[in-house]
Structures are given as structure tokens and as C-alpha cells.
1. Does region 75-84 hold any residues that are closer than 22 Å to S28 by Cα and surrounded by 15 or more Cβ atoms within 10 Å (Cβ to Cβ), and which are they?
2. Does region 16-30 contain at least one residue that is among the hydrophobic types (A, V, I, L, M, F, W, C), farther than 23 Å from Q98 by Cα, more than 10 Å from the chain's Cα centre (by Cα) and not in a loop (DSSP other than H, G, I, E, B)?
3. Of R5, R92, R46, R29, which residue is at positive phi, surrounded by fewer than 18 Cβ atoms within 10 Å (Cβ to Cβ) and basic (K, R)?
4. Filter region 19-59 down to the residues that are among the aliphatic types (A, V, I, L, M) and touching a helix residue (DSSP H, G or I) at 6+ places or on another chain (Cβ under 6 Å) and list them by number.
5. Quick one: would you say R29 is free of Cβ contacts under 8 Å to residues at least 24 places away in the same chain and of a type in the set (D, E, K, R)?
6. Go through A72, A13 for me and flag whichever is free of Cβ contacts under 8 Å to residues at least 60 places away in the same chain, hydrophobic (A, V, I, L, M, F, W, C) and loosely packed, with under 15 Cβ neighbours inside 10 Å.
7. When you scan region 31-46, how many residues do you find that are within 13 Å of the chain's Cα centre (by Cα) and in a helix (DSSP H, G or I)?
8. When you look at C63, is it assigned to a helix (DSSP H, G or I), within 18 Å of Q98 (Cα to Cα) and either modelled with pLDDT of 95 or more or of a type outside the set (K, R) (or both), yes or no?
Amino acid sequence: ILSGRVNVNQLNASGVTALHESSYEGKSRCVNVLVQLGADVDCRDREGWTPLHAAVCGGNHKCAAYLLRQGANVRAKNDDGLSPIHIAVQQRDRQMVQ
């Protein structure tokens, strides 16, 4: 990755990027490094989810806040028409909704 010869936005066999996985799992240092290396904070997985959707679904407030500071679109809708806010409300995560 550091050599610049790897596409940090490449989907893996599961249809997600490293940024999606790191955001969902709450690996904030990885999220930071991937974004600094050019990962697109609004990239879509095969179901239309952004890394912000993944962070919200995983309940990872720190990753979600970082992605928002980096310009992630809070209104982006996945293939089911759900935004990250919709997911936070469904999960009754008041802190995430704020």
C-alpha cells in the first residue's frame, strides 16, 4: 500500500474495501491511515454502503466521527435507500444520531 501500487479502494471478494472493514470493526488507526493514503470516504461496496454506513452499523462512533470530519456524506443512501442516519435510528444509537 505504501508503495502506491495498491488500489486502496479495491473491493475484496466479499465486495467491500479495507476502509469499509476497518470502519465496521472500529479500527480507527487503520481508517486514518487508509484515508491518508487516498481511500475514498464515500466509496461504495457492492450493496451501496459507504464506510460511514459500516461505521454506524458497527457502532463505532470514533470512526464515524473521523469519516464525517473527512467529508463523508451523511445523506448517502445504500441500495436499500438507507442513509447512515437511518441505520443509527434503527439501532437506537442516540449518540450516533447526534
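The values are calculated or read from the model by the stated rules, or taken from the named source; none is laboratory data. These figures come from a predicted structure and were not determined experimentally. Don't worry about glycine lacking a Cβ; one is built from the backbone with ideal geometry, like all the others, and counts go over all protein chains shown.
1. Selection gives A76, S83, P84.
2. Scanning region 16-30, I find at least one residue that is among the hydrophobic types (A, V, I, L, M, F, W, C), farther than 23 Å from Q98 by Cα, more than 10 Å from the chain's Cα centre (by Cα) and not in a loop (DSSP other than H, G, I, E, B), so the answer is yes.
3. Answer to the selection: R92.
4. Result: L19, V31, L34, A39, V41, L52, A54, A55, V56.
5. Criteria met by R29.
6. A13
7. 4
8. yes
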